[in-house]
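What follows draws every value from the coordinates through simple rules; no lab data is involved. All figures in this text were calculated on a predicted structure; none of them were measured in a lab. Cβ sites come from the backbone with ideal geometry, for glycine too, and all protein chains shown count toward neighbours.
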Amino acid sequence: MDDNIIIRTESLVKQYGDGESKVMALDNVSFVVKRGEFVAVTGESGSGKTTLLNIIGSLDKPNSGKVFFDGREITGRPDNELSAYRRRSIGFIFQSYNLIPVLNIEENIVLPLNLDSTEPDMAYLEVLLELTGLKSKRRCYPSELSGGQQQRVAFARALVHKPELILADEPTGNLDSRNSREMIEILKSSIKKYAQTLILITHDMSIAAQADHIFTMKDGVLTESEGTLR
């Protein structure tokens, strides 16, 4: 077993529906991601990209196949173990910000730590607020922020517990080009400084081109583009 591999999938199959309405979201998907890599997954809407990300993050279960995190199989684990895996090892970033409207910005950011009964690293929180340009907005509520600022909160929330793995599903899909560039730079800076791994779904090939590896999903089949390791 290669200790440098953080994610490995074996023959993942995910099917929705039956008969003529059957949709094969994942069709025998096997791939590996090494520590510290930035991996981009591209493909048309409905091709299975989000399903793959959700299964890696234990938000969904495959019909068959296995997922290994840091050499340990996570498929079939009890719900309490999977919940701990999500809280402690993964930072999720979605296209929709999923902020809690009754919590202020700082409270939204530290929410994953509170759910795990962990005290926040206040020095690191200050770094995140500075990095995302939210220092002056920490006492504001989501409704008082622009879309770009809300996505910055979501980025900070995903990074606050210094996860080993960041799963990002179209995280810049609702942002303009300037905000998109800034958000990707924040992610690249974080994974480099903290030896994190990033798997990112995107339709933006200018973002995908910055990755170490580019994979394309089509009709549930995952293939790697040649020569994508930078």
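Each pair of Cα atoms in region 16-119 enters the Kirkwood radius, and Stokes-Einstein at 37 °C and 0.692 mPa s then converts it into a translational diffusion coefficient of 203 µm²/s. With the crude spin-label approximation of a point 7 Å out along Cα→Cβ, what separation in nm comes out for GLN15 versus ASP3? Result for the modelled spin labels: 4.1 nm. Note on ASN80 and THR223: their simple-model spin labels are 4.6 nm apart, each label 7 Å out from Cα toward Cβ. For the residue pairs LYS34/LYS218; LYS34/LYS135; LYS14/LYS188; LYS66/LYS218, the alpha carbons lie more than 27 Å apart in LYS34/LYS135; LYS14/LYS188. Descending by average beta-carbon neighbour count within 10 Å, the peptides 119-125, 3-9 line up as 3-9, 119-125, the highest first. Each DSSP beta bridge with both residues in the chain is either parallel or antiparallel, and the antiparallel ones are about 55%. Diffusion of the chain by Stokes-Einstein, at 25 °C in a medium of 0.890 mPa s and with Rh set to the Kirkwood radius over alpha-carbon pairs, works out to 135 µm²/s. In whole angstrom, how far apart do the alpha carbon centroids of region 25-94 and region 5-22 sit? Going from one Cα centre to the other spans 11 Å. Positive-end ranking of ILE93, SER117, GLY65 along the dipole of region 25-127, with charges on Cβ about the Cα centre, is headed by GLY65.
Between ASN98 and ALA195, residue separation times 0.36 nm minus the direct Cα-Cα distance comes to 32.3 nm.
At the listed q of 0.12, 0.15, 0.20, 0.21 Å⁻¹, the Debye profile of region 142-230, built from one uniform point per Cα, gives log10 I(q)/I(0) equal to -0.40, -0.61, -1.03, -1.11. For region 158-230, applying the loop criterion from DSSP together with a ceiling of 11 other beta carbons within 10 Å to the GluC sites (Glu not before Pro) yields GLU226.
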